[in-house]
1. Name the shape class, rounded, prolate or oblate, that the alpha-carbon gyration tensor gives for the stretch 419-503, where a ≥ b ≥ c are the square roots of its eigenvalues, rounded holds for a/c under 1.5, and otherwise prolate holds if a/b is larger than b/c and oblate otherwise.
2. Around D923, which amide H atoms from residues at least 5 apart in sequence, or from another chain, sit under 5 Å from its own amide H, with H modelled in the peptide plane?
3. What distance in nm separates the simple spin-label points at K489 and L111, each placed 7 Å from Cα in the Cβ direction?
4. Give the calculated FRET efficiency between S584 and N829 to the nearest 0.05, with a Förster radius of 56 Å applied to their Cβ-Cβ distance.
5. What would the Debye equation give as log₁₀ I(q)/I(0) for the stretch 490-567 at q = 0.14, 0.18 Å⁻¹, counting only Cα atoms as equal point scatterers?
6. Counting alpha carbon pairs within less than 8 Å and at least 6 residues apart, what relative contact order, in whole percent, applies to the stretch 351-429?
7. Near V512, within a Cβ-to-Cβ distance under 14 Å, what is the net charge of the other residues, with Lys and Arg +1 and Asp and Glu -1?
8. So what's the net charge close to L126: Lys and Arg +1, Asp and Glu -1, counting the other residues with Cβ under 10 Å from its Cβ?
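The numbers here are math on the coordinates, done by the rules we state, and not lab data. Bear in mind the structure is a predicted one, so any value in this text is a computation, not a measurement. In this analysis, Cβ positions are derived from the backbone assuming ideal geometry, glycine residues included, and neighbour counts consider all displayed protein chains.
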Amino acid sequence: MDYDKSRLGRRGCSLASRAKSNKEEFRMRNLKRVLSLALAVMMLIGMMVVGANAAGYNDFTDKDEIVNKDAVSMLVSLGVINGMEDGSYYAPTQGVDRAMMAKMISVIMNLGIDKGDLYENTPTGLTDISNSWAKGHINFCYTTGIIAGRGNNTFDPNTGVTGTEAAKMLLVAAGYDPAVEGLTGSQWEIKTIALASKLGIFRNYTKPVTDKLSRDDAALLIYNALDIEMIQKYEDGYALSYADHRTILSAMYGVYKVEGVVTANEWAILDDDSDTALKTGLTTIYNADGIFSTTTSTSVNDKDSNVKTATFEVSTPVDMLGKTVVMYVKKATILENSTVYGDAIVASSNNVIETGVRVTGGTTKDDDSLASLLKGTGLSVDKYTEYYHNYEEVAIDNTDTSDVMNVRGAALTVIDNDNDGYVDYVLSLQKDLTYVSAVSTKNDTTTLYGLPGDDVVDNDEIVTSEDLAKDDVVLVVQYGGRTYVEYPKTVTGEMELFNATSKDPSKNYIKVEGEKYNEDELKVLSVSNKNTIKFVLTDCATATGVQFDATYDFFLDDFGNILAYREVEGAPTQYALALDSAYSINGLTTTGQIKLLLADGTSKIYDVDMDATASKFEAMADDNDGDTAIEKWFKSSINDDNAMDAVLKFMGSDDISQVGKGDRGYAAGNLVAYTIDEDTQEVTFQPAGLDLGTWVNGTSTTYNVNGFFAPQQPKTTAILGADLEKGDVDLIYTYGGNYATDHRGSYGIDEDTVVYYYNGSKANVVKGYSAMANLIPKAGSGSGIDQVNTKVSVVAFDDATDVAEVIVVYTTKASFGSEDYLFLMKTYNKSGSIYTYTAIDEEGNVFEIQSKDGSSVANRYAGALVTYSKDGDLYKLTPVTDKYYAGQPAPTSTDTGADLGMIVVDRTDYVKVYDFSTAADLDANDPEAVNQTALLDNYWVRYADKALVIDVDNTDYDADTAAETEFTSGQYGWVVFDESKKAVVAFITDTYKMEADVTPGGNNDGRDLLASVVVNDATQYVPSAGYSTIAKAVENAETIKMNSDSSQKYKIALTAKNLGNGECWGNAGLFGSKTAALTGNVTQGNNALSGTTQNWANAGVTIAEGNYIVIEVNNNLVSTYYAYTFVK
């Protein structure tokens, strides 16, 4: 907002409204203090630091110990101060000798440049400086009369400098004539002290001026001297200064001091209703008196003195907003382009109060009021005081106790930025507690649950030093268009005692681990996540609050108050899918076993701790009133007397003496929560607490409510309502008592979701959306679909976001994407019934596996490609058969699998895999060469640009990774491909001699299968032989002349030849351009050539100039391609 003119009567002229003489005296004193020390240090450190690396002010390890921060900051930017070798600033208590003083003054008087080498050989007659490191600087100061010698042609460079000696040197450097001013002879010291004191060189110097100087002392005197006016000449014994009142700082460096209140920077903008900030590296300051300082020693022109607001290229932290800062700038023609030296420094004129307590409006009689907070500080508010919440201005009545300026736990900053006793700004910064509900690397976003507005935040708008992960509990605040996120401090322990009886909330507390903590008033946005609960001290006396003898994580605000808590639990719940189960009773002993498929893909039979499991079932029944899900399933309340019966019913038995004999495996298909005893390896389990879906009867494979699914328990049966695809998707479902669509919803699926598939007897598991099933058909999309629809059960990962932790999909139609393959090398070992193989996986890793699958006579696993599952530590192997060969249908777009055969490189990114027999297809004259005429038929084309090609024959058995190679014609082996027919990995077992390409690539290298192409029942085109690839056909496309220049419909009839060796079939496709034709697929969505003639476009198809028709004709599984393009 713009400053109100009436306000400027006080605040706008706040820096000018004091008595003029007092103001000028204050400013002169302040300016000289800042500038003097700055340049003192500039010279001092400039000569005293040897070989230190250049560093910024904020890089100094001892910056908190630096008193004159503004001075040092500026000088660092000027390159005068570099710091010490150890990264610190400088040792302020060490002494300064005459050589050091000469160096400092020499650098000052040479425009801040070290010109010691230039004066190294200047003749002075001094006899004791030949070996001095500062010889050139001494020569300069001696010959210019700034520093006199000791007599007898000596300088005494290693002797310490007193305050009066240093003052004389500085006076001469500023242009004062020692002879005229009486700075020589027996009275030199008295005269020097008098003049230096008059000019302010000894200002703030509290030690005897005749004592030896330390570095800090020298810095102070030099700093004071830099702001005295320089002497141009003497007239009639009087020293005359320059007309422009120049000082050493402005004369030698052109640097001026600016001062003003930070009203905007890269973090936020005050006096602005929008949630914005300046660009990075910019700061705006405001000063009603003009931002350029004007003192008796420094003047600026009238135009500059009237500049009240300016934006400079300098970064300032957010906590400088509202405060007066000092900066040093070298002015440019355009003020905003001025160079800023150093960092902006908070000026001494600021009076700041910071607190984290509750503050409201009201008078001094009100305990929480701002008036009470300010009482005794000399500060007060008035009608010009501005109030902000998270850097957005808010309307506050400072007399109304119901107006809350700050809640307990938020950071309140009260600022009087001009030392006039009136508060200019009251800033409240309030963070909230929430948690990270999702992190998407795909979208580069982070979801912060409950954030006002959109809680999905782009990562480039988040400012944090944390490596945020899902479920992290965080503090968050938003301002200036950014979201700031940090981890809260956490205390873990038990409540030892609490007091909630005092009328003064600040005196109520909870004691944890021997420390007392108060309750704060910040918000918790995520009350549902992991039982993170807002801390309310009075709740400690109830069952809903913190309890004794329980361990909690207590989340603290920035002031050490407790914001929220959550109970520390044991290990997270583990889920598995039951594959089989049974119990047995022998006398008084009941035993049981359950086979589990774990989330990592391993399956194993475990002994069950029956008593502990019964206790779990009883605990699920909760209050034993018969209304819990497990009691409805059991059709009775569950207690200590019958909990074991519930377990037995859930598992089933094969015992002849038991009811339900032959009905083992009741638990199969159910998701269970389990723990494993590390010592006994026994399992304790219970049915999973499902958020969606029902428990099942594992003895039935028919998916209906009355058979397989337990009706209405624990939730209504859920039906998959949409295809389940790869990607960051939702699992869409419907449910109802009789499958009526009376409710519809969805659960999110992310990279951590575990997905089980179960078809009534077999199961599989994958983790994350990227590994999920490629497609599960819906009702009506194909025959053989599960009864009614595919069913699902879900355990929700997070009730707040409905992201699923575990899903069970009940279906017989699941497509699992590419199977997991292993290639088993030929050499193996056998011990008892266990075979040990060396396996290579699809990523080229080489390792040993053990399996009971094998044959001692003719091993059909070694040297084979297999799929596998795990049963404990053992692998269950299934050899892969080659189903893609002559007489079999071509793979569809969703088929996956492995193709065995002879490999021929077709194009840069493609290979062909031919059926091949070493007995029939090798050259009779050369058994190491391929008879290429045998490879003209029966092949499949695979896209192979990114396939991993493994050289099995050259892989060592003890290697960690397999040898790799590239596709070349003549290789023989397995090519594993995905649903897009792209080759993923190839296992090459042999290599034979072969020409580079079976079909060298000339024109018409395909078969002659197409008899004619007739356009509009009139024009007939008789093609010659076709081409072996689409690309060759398109590159050699024949032309069809259009009837007119504009696009129109054409009727096209295709006639295939009758070869007498099986009918031809095929497809044709229309493409808009040559590029589209080269990359197109004519096998999708086109009519087949069934028989000898097909009217491909009987009703006419609209064709424009430059369109292509590509025709595929297939005979005995060998395709030949033709192409036509339309021209005017």
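1. oblate
2. Amide H to amide H, under 5 Å and 5 or more residues apart or across chains, D923 pairs with A929, V930, N931.
3. 5.3
4. Values: r = 37 Å, r/R0 = 0.65.
Once the sixth-power term is evaluated, E becomes 0.95.
5. Listed by q, the Debye log ratios stand at -0.38, -0.65.
6. Normalised by residue count, the contact order of the stretch 351-429 is 41 percent.
7. Every neighbour counted, the sum reads -4.
8. Combined, the nearby Lys, Arg, Asp and Glu give 0.
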